[in-house]
Every structure is written in C-alpha cells, then in structure tokens.
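Engineer: Before I ask anything, let me first share the structure, which is written out below as structure tokens.
The values are calculated or read from the model by the stated rules, or taken from the named source; none is laboratory data. As the structure is a computational prediction, the values presented were derived from the model and not from experiment. Every residue, glycine among them, receives a Cβ derived from its backbone with ideal geometry; neighbour counts consider all protein chains shown. Just so you know, the surface numbers come from the protein's heavy atoms only, side chains and all, with ligands and any DNA or RNA stripped out. Shrake-Rupley method; radii C 1.70, N 1.55, O 1.52, S 1.80 Å.
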Amino acid sequence: MHAPDGFIDVPVSAAAGILAAGAIAVSLRGARRELDDTARPGAGGGAERTAPLAGLVAAFIFAVQMLNFPVAAGTSGHLLGGALAAILVGPYTGVLCVSVVLLLQSVLFADGGLTALGVNITTMAITTTVVAYALFRGLVKVLPRSRRSVTAASFVAALVSVPASAVVFTLLYAVGGTTDVSIGKVAGAMVGVHVLIGLGEAAITALTVGAVIAVRPDLVHGARGLGQKLKLRVNGELVDAPETAEPVPVAARSPRKVWIAGLVTSLLLAGFVSFYASANPDGLEKVAADHGIDQQAEEHAVADSPLADYGVKDVDDARLSGGLAGVIGVGVTVVAGTGVFWAVRRRRTADERAEDTTSAGTSV
C-alpha cells in the first residue's frame, strides 16, 4: 500500500502532505493526553513507561509489515497497523506510531516515495486509525463488556479500515493521478483486493489485542474500564461493592516483561520470519501493474540506500541481508518512536507545570 513517487501529481501530493502535517500536529496534542491518561495509577504503571510502550507498538508494526501474506493469485498483503495502534495506545498516538514507521521506511528502506509521504500517511496512518477507532468505539458500546467483545470489535474495525484506506487512495488518484485510466475499474480492483487483505489485517490485530488483554488488559487503551464491578445484594437490590484499597503486587504492575516479550517477538518476526514472507506484489502494486497507473512511477530518491528494499548492501546472503535489515529497522523504530513519545510526554508535563504556576499566580 506504500505509494511510490509519480503515482499522484505534485499539487495533490502537496495537499496530502499539508493534510498529513495538520493531522500530525493535532495528534501530537492528543497524544499528550493519551500518554498522560495511560500513566494514571493502575492504568499503565507510570509515566516513564508509557513512551517505551508506544515506541514498541511502532516497532511491532514495522516488523509485521515485513510479513507479506498471499491473498489471491499473484497478490500479497501486509499489515497497515492503524487499527492495531489505535486500539493499543489510542487514536492520536496511533497516528503517530504509523507515521513514524512510514517515515523510517521511506527514508531508510526506500519503501514509499518521499514526495508521496503525505499520501501514504493520509491513507495508511490517518484513514485506518480514524475509521478503525470510530468503528471500534461504536462496537464496544453495544457489545457486552468483556475481553472477547474487545477482541471481536478489533477484528471488525481492522477489517473495515483496510478497504477504507484503498478508497481514500482511489479518491486521491481520481483527482491527481498521473495516468489516464478508468477510475471505476481501479476502485473496484483496489477495494476488492484490500477486502481480502483486510481479513489478514483483522486476524493479526485481533490476535495481538487478545494476547495483550490476556496478560495486561490495563495496557490496552481500548480495553479501559473493561473490568466489571462486583455486585452485592442488599435488601433485595443489587448494588456496587465498595472498592478495596489493596495494593497491586509490583510484579503485576510492571509492564517490563510485556515490553521485553514484544521486542523479542518483533526482532524474531523481522529478523527471521520475514524471510518466508510472500514475494508477490502487494495490493497496490498489483492493481497499478494491471491497470497501468504505474506508468509514471519514479525511482526512489534513496534507492541506493544501504538498507534499500529491506536488505543490507554488500551482504550477498539473502537470508542474512534481509534479517539484518529487519533487526536494524526494529531497533531504529523502537528508539525513534520511544524518543518521539518521550518528548511528547515531557511536553505534556512541562505544560502542566506551566498551568499550575499560572493558576497559583492567579489565585494569589
């Protein structure tokens, strides 16, 4: 789904870039609140741990995006990640997670054009996150309050988010496409193949969300408030039982084991499992080749990067080259993502201190 340079003309690419920049600015403000909420007692284990968890989500998405899976004859798909990120860490933080991944993929791995970065963020980060989280929140409100409901809602939200992304790309291409093709045929092909890809996205998202909920539901943004209050029958009526003040064991509060397990999983997926991923073109590449919308595609500006095409330059062994590139990508993403979210979280704290100082001065 990574659009290269040349698919969409400069004016529309620039407009998409402006839209993406605006969405990222809004997401930075929203992420401050989400990361702060996650740091509440009992909600995430402390402010100093929220940035690494969000950085880990970005690294996991990078790793899983390397695992193209076959979906139809000669076509493959991969995770987009917007739904997964939004449900795990919140929609604003989710937009930033996927945007960090897309930026690093474009700059380091020549995957997705530099001038098309705004298009890719719009389709793969903004659209998937907004559509998925809106649908997810609507479903969890009407479904029974249970872990299975959250997992089921995750599946549906992820499934719908992928063809929604395909629709947005088609609309952008209809306005700024660089070749004269039948938009109706392109739309039908894009939506059709991405519904199939959406099934894979839904399965990966639901399995991941379900796995985290099973061990640490408090770390899942979309599962907050999931626990049912204990009911007591008093004078024939059911009332909420009083909350106890018993401390949670330190081992249960710490998300360190979850973080380590997630990082190891990401490294294994990118460094080893990715070698067995499908080599077929993904949905967008296949549709572009079949319908001629790739006629004006341009070579990537960093096509000679040492990590271009997810391989390490001058390493002849394909397995070793791809594995090293994947491990490097996970490492860079977790460091960059953690740095971004740490800065966002610190800005939130600084703003709070400024507000406290202003409030104190006003009261005096």
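Engineer: Is it the case that THR349 is open to solvent by less than 60 Å² (accessible area, probe 1.4 Å), among the polar types (S, T, N, Q) and either at pLDDT 95 or above or in contact with a helix residue (DSSP H, G or I) (Cβ under 7 Å, 6 or more places away or on another chain) (or both)?
Structural biologist: For THR349, the condition - open to solvent by less than 60 Å² (accessible area, probe 1.4 Å), among the polar types (S, T, N, Q) and either at pLDDT 95 or above or in contact with a helix residue (DSSP H, G or I) (Cβ under 7 Å, 6 or more places away or on another chain) (or both) - is not met.
Engineer: Follow-up. Looking at segment 99-133, which of its residues are within 16 Å of the chain's Cα centre (by Cα) and open to solvent by 70 Å² or more (accessible area, probe 1.4 Å)?
Structural biologist: LEU103, VAL130 - these are the residues of segment 99-133 that are within 16 Å of the chain's Cα centre (by Cα) and open to solvent by 70 Å² or more (accessible area, probe 1.4 Å).
Engineer: Would you call LEU307 modelled with pLDDT of 95 or more and open to solvent by 40 Å² or more (accessible area, probe 1.4 Å)?
Structural biologist: no
Engineer: For the list (1) touching a helix residue (DSSP H, G or I) at 6+ places or on another chain (Cβ under 9 Å); (2) closer than 25 Å to SER278 by Cβ; (3) surrounded by fewer than 24 Cβ atoms within 10 Å (Cβ to Cβ), I need the number of the one condition that ALA73 fails.
Structural biologist: (1)
Engineer: List pairs: first in segment 143-155 and in a loop (DSSP other than H, G, I, E, B), second of a type in the set (Gly, Ala, Ser) and exposed (fewer than 13 other Cβ atoms within 10 Å of the Cβ), Cβ under 9 Å, 6+ apart or cross-chain?
Structural biologist: If the second residue must be of a type in the set (Gly, Ala, Ser) and exposed (fewer than 13 other Cβ atoms within 10 Å of the Cβ), the pairs left are ARG145/GLY225; ARG145/GLY227.
Engineer: Name the residue that is nearest to SER13 (Cα to Cα), counting only residues in segment 171-208 that are open to solvent by less than 10 Å² (accessible area, probe 1.4 Å) and of a type in the set (Val, Ile, Thr).
Structural biologist: VAL186
Engineer: Can you name every residue in segment 19-60 that is of a type in the set (Val, Ile, Thr) and either within 15 Å of HIS221 (Cα to Cα) or at pLDDT below 95 (or both)? Don't jump to the end; show me each part of the working.
Structural biologist: First, the residues of segment 19-60 that are of a type in the set (Val, Ile, Thr): 24, 26, 38, 50, 57.
Across segment 19-60, the qualifying residues are THR38, THR50, VAL57.
Engineer: Something else: Filtering segment 76-98 down to residues that are in a helix (DSSP H, G or I) and touching a Cys at 6+ places or on another chain (Cβ under 8 Å), which residue is most open to solvent (accessible area, probe 1.4 Å)?
Structural biologist: Here the answer is VAL89.
Engineer: Of everything in segment 179-209, what is at pLDDT below 95 and either in contact with a strand residue (DSSP E or B) (Cβ under 9 Å, 6 or more places away or on another chain) or under 30 Å from LYS257 (Cα atoms) (or both)? Give them in sequence order.
Structural biologist: Within segment 179-209, ILE183, VAL186 meet the criteria.
Engineer: So which residues in segment 271-295 are part of a loop (DSSP other than H, G, I, E, B) and in contact with a strand residue (DSSP E or B) (Cβ under 9 Å, 6 or more places away or on another chain), if there are any at all?
Structural biologist: ALA277, SER278, ALA279, ASN280, PRO281, ILE293
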